[in-house]
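This report concerns only the one structure given below.
The values are calculated or read from the model by the stated rules, or taken from the named source; none is laboratory data. What you see is a predicted model, and the numbers here were worked out from it, not measured in a lab. For neighbour counting, all protein chains shown are included, and Cβ atoms are generated from backbone atoms with ideal geometry for every residue, glycine included. We work out accessible area using only protein heavy atoms, side chains counted, and drop any ligands, DNA or RNA first. Shrake-Rupley method; radii C 1.70, N 1.55, O 1.52, S 1.80 Å.
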Amino acid sequence: MGRTLQNTMINLGLQNACDEAIYQLGLDMEELEEIEEDAGLGNGGLGRLAACFLDSMATLGLAAYGYGIRYEYGIFNQKIRDGWQVEEADDWLRHGNPWEKARPEYMLPVHFYGRVEHTATGTKWVDTQVVLALPYDTPVPGYMNNTVNTMRLWSARAPNDFNLRDFNVGDYIQAVLDRNLAENISRVLYPNDNFFEGKELRLKQEYFVVAATLQDIIRRFKASKFGSTDSVRTVFDSFPDQVAIQLNDTHPAMAIPELMRIFVDIEKLPWNKAWDITKRTFAYTNHTVLPEALERWPVDLVEKLLPRHLQIIYEINQRHLDHIASLFPNDVDRLRRMSLIEEGGTKRINMAHLCIVGSHAVNGVAKIHSQIVKTQVFEDFAELEPEKFQNKTNGITPRRWLLLCNPGLAELIAEKIGEDYVRDLSQLTKLHEFVDDDLFIREVAKVKQENKVKFAQYLEKEYKVKINPSSMFDVHVKRIHEYKRQLMNCLHVVTMYNRIRREPAKLFVPRTVIIGGKAAPGYHMAKMIIKLINAVAQVVNNDPVVGSKLKVIFLENYRVSLAEKVIPATDLSEQISTAGTEASGTGNMKFMLNGALTIGTMDGANVEMAEEAGEENLFIFGMRVEDVTELDREGYNAHRYYERLPELRQAIDQIKGGFFSPQEPDLFKDVVNMLFHHDRFKVFADYEAYVKCQEKVSELYLNSKAWTKMVIRNIAAAGKFSSDRTIKEYARDIWHVEPSDLKIPPPNEPRDAVEDKTLNGTAA
């Protein structure tokens, strides 16, 4: 979520008033804002997307709740020591959190372990261990519409009789100390991005958030006028018309068997009725196609922790496979491929398959990704129910990612086209009229230069490196992962360095290369990549021949509040994943909206950015998905490129030979060995096209006016990438609710005038 103060002031239309009041008190608002901790309760794009969606849902007047876990420790703080990443705990609650309100009156029990009993009155899950879920509510204000939604985060608490109700041997002290075991559930965020780690505590976290949330939703449904009761029993027929639940990846997939358990075991609905309601309630968003990221929980673990849920999953699977067998008799391989249970070695539950079978809609997050989901990853399911599969291209909130972080540019745009674009970003197309306006061109360039000077000052303060603010700011910030190919950027840096040293007198367009992002603590290769970047920076930044022509900075502890500083100052945005691996990306959109040009592959949302702006207004290079597939077919041979490309050979030889690590010549042998022998992401295959494309970038940068005109064309084409547009599509195509542009009256005005226009109580 990042910081909340400035976002709240902007959405409430109070920023100028607050700035003035704080100034009158002899304080500096910016200094105050810097004191607030980031709420870092997710890993990367997935968590930040949820935050943008909450802002858009409130702004569109949807009655929507965001549910998650109130981690005591969020994503780790990254320190760089001697070029290596070191993790520190993110004790973000140390000084308290003024934005949250504990709601103990809505505390709910969550059960684990135990066993299943079949009785005459039905199935019972008994002898469980109970953990309490305590909700904390954070307000989510819409933009200037007097709407405030809720983000509800659950914290784990041990019940007061924890370990004391079992005829205890009398060790009271130990029993109280053991309360920590229960409360560990919400202690810490697992720091993996695009990687599945099948740990018991992680599964506990996933079930914890799901069980608490579903009880909360059902309590609210029963309390509403829709939860009509026939004498004793609630009628749930209208449930899917009143409630929509969006599964943000498979992490909350246990919601599907949990809702079935509630309907069948507790509310005593017949299976088929319960299943129909469940399917119509859930929709699933897929966020990655990397096989190592797909959640596949061992059956033994689920059986121990959630025995009843395993039974329900088996029953869902049985009926699912019976249906497929009736459509494709004797096709046993299809049954194996489509089963929710993977046999062979340890039996596992494929959570994506569970989500597809248990949802009425499945979507990818960019056109190319949704195509890959349909035709490759889940092709059997798409063949069965093609109408279930959709695309919903991701977006970003223009409130945080333009108004808040780049007020200079936001104001410049407002002067030209008015202020309405903040709620309707498609209006940015009006900027096309000003592409040839010399004054506007100069003003856009001036805002960028001011942002660069400010960020250069920040870098000089934090990193003690002298930055040339007129150099091209070439920025690559995102989680460190092999598929995102920070290594390819690193090879380009080494290539530029070698060119400067070879011909020191030759004209060279100066660059400040900024790379930042966190590596999962257990991801050895990602940590080696960080070390390599820092080793290269050490050599480049201290070579007198290079001087101010080339600087390399590894940006420590990349997070939302740092993104808000670096993105407005960026000239060139690096979006260079291997085609077919980045589901969408959202950083790409933030840079586009903030006046950076993109160098990138035809991957994720880059494809649609090129479609909107015209491919000639992005620096697109490298293999397309078809080329990657073709290269896989014939076999990728890294050595071929190494032999053929002298500059690549030189760079690799330097890394391998210890040029960047003279103290430890074979420090990077694992990296080089990976690049030659098991590089799934084919860095060498795109290296030549990348370097050539970078030459075109430098050439254009020399012509400031032509560069800025291309920037304006990009900003004018960024409207599609508002999360408001994304949420309108979810609302209409999946949740079946109408967004309202109605500004509800403020609390000090009478309400009855608009009472009957109020939206129905649909929670998304």
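Once the Cα atoms of the chain are picked out, what are the Rg and Dmax in Å?
So, for the chain, Rg and Dmax equal 27.2, 90 Å respectively.
Just order 49-60, 449-460 by mean Cβ neighbour count inside 10 Å, highest at the front, would you? Display every interim value, and only then the final one.
Details: 49-60: 24.5, 449-460: 17.2.
Ranked by mean Cβ neighbours within 10 Å, highest first: 49-60, 449-460.
Provide Tyr284, Tyr641 ordered by accessible surface of protein heavy atoms (probe 1.4 Å), highest first.
Descending accessible area places them as Tyr641, Tyr284.
Using only alpha-carbon positions, what ratio does the radius of gyration of region 225-374 give when scaled by 2.2 N^0.38 Å?
In units of the globular-protein estimate, region 225-374 measures up at 1.11.
Over the Cα atoms of region 555-645, what Rg and Dmax result, in angstrom?
Both quantities, over Cα of region 555-645: 15.4, 45 Å.
Can you tell me, using C-alpha contacts under 8 Å and at least 6 residues apart, the relative contact order of region 44-150 as a whole percent?
30 percent
Region 25-97 to region 708-753: how many Å between their Cα centroids?
23 Å
Toward the positive end of the charge dipole of the chain, about the Cα centre and with charges on Cβ (Lys, Arg +1; Asp, Glu -1), which of Ala274, Thr393, Gly604 goes farthest?
Gly604
For region 1-139, what is one quarter of the convex hull surface built on the Cα atoms, given in nm²?
Seen from a random direction, the Cα hull of region 1-139 projects 14.3 nm² on average.
Amide H neighbours of Val477 under 5 Å, counting only residues 5+ apart in sequence or on other chains, H built in-plane at 1.01 Å?
Those qualifying (amide H under 5 Å, at least 5 residues apart or on another chain) are Gly516, Glu574.
As a test of reading the structure, rank Arg644, Arg511 by solvent-accessible area (1.4 Å probe, protein chains only), most first.
Per-residue accessible area, sorted high to low, gives Arg644, Arg511.
Roughly what percent of Cα-Cα pairs across region 450-718 reach past 24 Å? Present the calculation step by step, with values, prior to reporting the outcome.
On the way: 16737 of 36046 pairs.
Counting every Cα pair in region 450-718, those more than 24 Å apart make up 46 percent.
³J(HN,Hα) across region 701-717 via Karplus (A = 6.51, B = -1.76, C = 1.60, θ = phi - 60°), whole Hz, x for Gly/Pro?
Couplings: 4, 5, 9, 4, 5, 5, 4, 5, 4, 5, 4, 4, 4, 5, 4, 5, 9 Hz.
With +1 assigned to the C-beta of every Lys and Arg and -1 to the C-beta of every Asp and Glu, and no other charges, what is the dipole magnitude of region 242-364 about the Cα centre in debye, to the nearest 20?
Values: 14 positive and 15 negative charges, 43 e Å.
Approximately 200 debye in magnitude.
Using +1 on the beta carbon of Lys and Arg, -1 on that of Asp and Glu, and nothing else charged, what's the dipole of region 450-718 about the Cα centre, debye to 20?
The dipole magnitude comes to about 940 debye.
Where a Cα-Cα gap under 16 Å defines reach, which lysines qualify for Lys446, not counting those fewer than 8 residues away within the same chain?
Lys416, Lys454, Lys705, Lys709
Per residue of region 293-309, what does 6.51 cos²θ - 1.76 cosθ + 1.60 with θ = phi - 60° give for ³J(HN,Hα)? Whole Hz please, x for Gly and Pro, Karplus curve as stated.
After applying 6.51 cos²θ - 1.76 cosθ + 1.60, I find 8, 6, 7, 9, 7, x, 4, 4, 5, 5, 4, 6, 7, 9, x, 5, 5 Hz.
So what's region 109-226 giving for Rg/Rh, alpha carbon basis, Kirkwood Rh from the mean inverse pair distance? Each step should come with its number before you reach the end.
Numbers: Rg = 18.1 Å, Rh = 17.2 Å.
For region 109-226, the value is 1.05.
For region 379-538, take the convex hull of the Cα atoms, compute a quarter of its surface area, and give me that in nm², please.
15.5 nm²
Among Asn146, Leu214, Ala175, pick out the residue whose Cα is farthest towards the positive end of the charge dipole of the chain, where Lys and Arg carry +1 and Asp and Glu carry -1 on C-beta, about the Cα centre.
The one lying farthest along the dipole's positive direction is Ala175.
Give me the one-decimal nm value for the distance between modelled label points at Glu200 and Asn180, 7 Å along each residue's Cα-to-Cβ direction.
Result: 1.7 nm between the two label points.
As a test question: what accessible area, to the nearest 10 Å², does His320 have when a 1.4 Å probe is rolled over all protein chains in place?
20 Å²
Using the charge dipole of region 644-753 (Lys, Arg: +1 at Cβ; Asp, Glu: -1 at Cβ; taken about the Cα centre), state which of Gln694, Pro662, Phe684 has its Cα farthest towards the positive end.
Positive-most Cα among the choices belongs to Gln694.
What value, in deg cm²/dmol to 500, does the helix sum -39500 (n - 2.57) over DSSP H runs of n ≥ 4 give at 222 nm once divided by the residues of the chain?
So the helix-based figure for the chain works out to -12500 deg cm²/dmol.
Which whole-number percentage describes the relative contact order of the chain, with Cα contacts under 8 Å and a sequence gap of 6 or more?
Taking the mean separation of contacting Cα pairs over the length of the chain, I get 15 percent.
Tell me, what is a quarter of the convex hull surface for the C-alpha atoms of region 37-391, in nm² with one decimal?
Quarter of the Cα hull surface area: 22.8 nm².
With N residues in region 614-659, what two-decimal value do you get for its Cα radius of gyration over 2.2 N^0.38 Å?
Relative to the rule-of-thumb radius for its length, region 614-659 sits at 1.57.
For region 32-81, what is Rg from Cα atoms divided by 2.2 N^0.38 Å, rounded to two decimals?
Taking N as the residue count of region 32-81, the ratio is 1.41.
Given Cβ point charges of +1 (Lys, Arg) and -1 (Asp, Glu) and nothing else, what value in debye, to the nearest 20, does the dipole of the chain about its Cα centre take? Don't jump to the answer; show the numbers that get you there.
Numbers: 92 positive and 108 negative charges, 151 e Å.
Once rounded to the nearest 20, the dipole reads 720 debye.
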